[in-house]
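The next block holds one structure in the form of structure tokens; read it before the comments.
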Amino acid sequence: MAELIGSLLEGIVMSIPTKKNRTVIKKFKILRKESWFKEKYNSALIRLNYSVRNLVEQTDIEKVVNNPEETKKFQIELEKIVKKENL
């Protein structure tokens with residue numbers, strides 16, 4: 001049920017055509033191709049979370065997916081947010 005509500009909200013929030021939303025959407029599309037992200041973090045509730053969206057917006061995702069050290073750092077930061085926000 002929460003996933004359905006999250007999906008609906010995601011559609012509404014992401015349909016607002018701001019530059020920030022377009023940037024975040026593009027970065028999430030890149031992350032969704034990564035198996036570690038799909039397995040653990042690819043839920044609408046996580047993608048809609050303000051703190052997660054802020055992290056994704058401020059991070060060079062291309063660098064994260066192409067550099068194992070950067071991937072690990074990003075995963076640690078993402079996990080901190082997920083635990084803090086109880087997602």
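The values are calculated or read from the model by the stated rules, or taken from the named source; none is laboratory data. These figures come from a predicted structure and were not determined experimentally. Here Cβ is always computed from backbone atoms with ideal geometry, including for glycine, and neighbour counts include all displayed protein chains. Only protein heavy atoms, including side chains, enter the accessible area calculation; ligands, DNA and RNA are left aside. Shrake-Rupley method; radii C 1.70, N 1.55, O 1.52, S 1.80 Å.
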(request) Would you work out the charge dipole size for the chain about its Cα centre, treating the Cβ of every Lys and Arg as +1 and the Cβ of every Asp and Glu as -1, and quote it to the nearest 20 debye? (result) 200
(request) Would you mind working out the accessible area per residue for the chain, using a 1.4 Å probe, and quoting it in Å²? (result) 66
(message) Can you compute the FRET efficiency between GLU62 and ILE5 using 1/(1 + (r/R0)^6), with r the Cβ-Cβ distance and R0 = 30 Å? Round to the nearest 0.05.
(response) 0.40
(request) Can you tell me the 0 to 90 degree angle between the C-alpha axis of helix 2-14 and the longest principal axis of the chain, rounded to 10? (result) 90
(message) Which one, SER51, SER35, VAL82, is farthest towards the positive end of the dipole of the chain when Lys and Arg carry +1 and Asp and Glu -1 on their Cβ?
(response) SER51
(request) Specify which labelled value, from (1) 19.5, 71; (2) 11.5, 33; (3) 12.5, 36, agrees with Rg and Dmax of the Cα atoms in Å derived from the coordinates of the model shown. (result) (3)
(request) Quick one: among GLU57, GLU70, GLU34, which has the greatest mean-square fluctuation in a GNM of the chain with alpha-carbon springs under 10 angstrom? (result) GLU34
(message) Just to be sure I understand: with springs between alpha-carbon atoms less than 10 Å apart, which residue in VAL52, VAL64, VAL24 has the highest mean-square fluctuation in the Gaussian network model of the chain?
(response) VAL64
(request) Compute the long axis of helix 68-84 from its Cα atoms, compare it with the longest principal axis of the Cα atoms of the chain, and write down the angle in degrees, 0 to 90, nearest 10. (result) 40
(request) Just the number, please: carbon plus sulfur as a percent of the accessible area of the chain, 1.4 Å probe, no ligands or DNA/RNA counted. (result) 56
(message) What does the net charge come to around LYS20 if you take all other residues with beta carbon closer than 13 Å to its beta carbon, with K and R at +1 and D and E at -1?
(response) +4
